[in-house]
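Novice: Have a look at the structure that comes next, please.
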Amino acid sequence: MYRFLLTRQWVILTLVGLALIPAMIKLGFWQFHRHEQRVARNDRIAHSLAYAPVPVGTLSAPGREVPQENVWRKVTATGTFDTKGEVVVRYRTDSSGKSGFMVITPLVLDNGTALLVNRGWIPADGGQLAFPAVPAAPAGKVTVTGRLRADETPGSGIKDTKGLPPRMIMLINSGRQAKELHRPVIGGYAELISPTADGQPQPVPGPDHSSIGNHMAYAVQWWLFSACVPVGWFVLVRRERRDRAADAAAAAASATTAEAASAGGAEGGEVARTAASPE
């Protein structure tokens, strides 16, 4: 009855189904773990942003990496902007997706160390190869508040182009800028929150920590797909068995009809021969 399952076609179909089920389950868990990671990231960002601002020296120092738990913490620093050490970061976008530059200006503290401050975004009106017109940083001693970020590295997904024009960089990295500034630079950098004013670079918006994406929906979708595979296989088997049974019944009926017609023909011939014979 089910011997057709041993045919080459059905063996291949069954093996493909058996391979798809664990693959889809694994993909579902992959999306589920991404959902968990996104939720944990959002919680971590919200937790960091909830802290009151603290002096940057309590969370980072020259030559130190910013720990994950300190990223997005609000920090303060007092010093003087070093406009001679100012650089721009190429191919950065604003909140609308328009390409331009980020303005990075070192803030020199009283102890001689510097903090890289991302003052915000400016458009690339002259293209990415010409140094843009950068709004002047506030003069004199200022106190800034910003969100602490970790150094960007080549492994962070940002293309690290070499041979750039002077005062242009691709990565915001305190170690690299320390070599250019010839002074100690505090690890990481700060995204400026205040002070801001009209005519200054567009401030970097705060991180999105409310969206969780569609990962959970994708996980459920993959698991439903994995459940549909055996159901679909069973439906196909039932249909194949029904079609084969119908074909067999039709063949049997056709054979019976043919036998009956043959028998009727033979009987008619015998009667005809009997009638034609003399008494």
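The values are calculated or read from the model by the stated rules, or taken from the named source; none is laboratory data. As the structure is a computational prediction, the values presented were derived from the model and not from experiment. All accessible areas refer to the heavy atoms of the entire protein, side chains included, with ligands and DNA or RNA removed. Shrake-Rupley method; radii C 1.70, N 1.55, O 1.52, S 1.80 Å.
Novice: Is segment 77-214 best put as rounded, prolate or oblate by its Cα gyration tensor, with a ≥ b ≥ c the root eigenvalues, rounded for a/c under 1.5, and otherwise prolate when a/b is larger than b/c, oblate when not?
Specialist: It is rounded, given that a/c, with a ≥ b ≥ c, falls under 1.5.
Novice: Would you mind listing how long segment 223-264 runs along its three principal axes, going by Cα atoms, in whole Å with the largest first?
Specialist: Cα spread of segment 223-264 along its principal axes, largest to smallest: 62, 6, 5 Å.
Novice: Could you please put Thr80, Thr58 in sequence from largest to smallest accessible area, using a 1.4 Å probe?
Specialist: Highest to lowest solvent-accessible surface, that is Thr58, Thr80.
Novice: Within segment 1-132, what percent of beta bridges assigned by DSSP are antiparallel, to the nearest 5?
Specialist: Among the beta bridges of segment 1-132, antiparallel pairing accounts for roughly 90 percent.
Novice: Here is a further query. Of the listed values (1) 40, 26, 19; (2) 81, 21, 15; (3) 26, 25, 18, identify the label whose number matches semi-axes √(5λ) of the Cα gyration tensor in Å calculated from this model.
Specialist: Here semi-axes √(5λ) of the Cα gyration tensor in Å agrees with entry (2).
Novice: Would you kindly work out the equivalent ellipsoid of segment 1-67 from its C-alpha gyration tensor and give its semi-axes, the square roots of five times the eigenvalues, largest first in whole Å?
Specialist: Working from the Cα gyration tensor, I get semi-axes of 56, 13, 4 Å.
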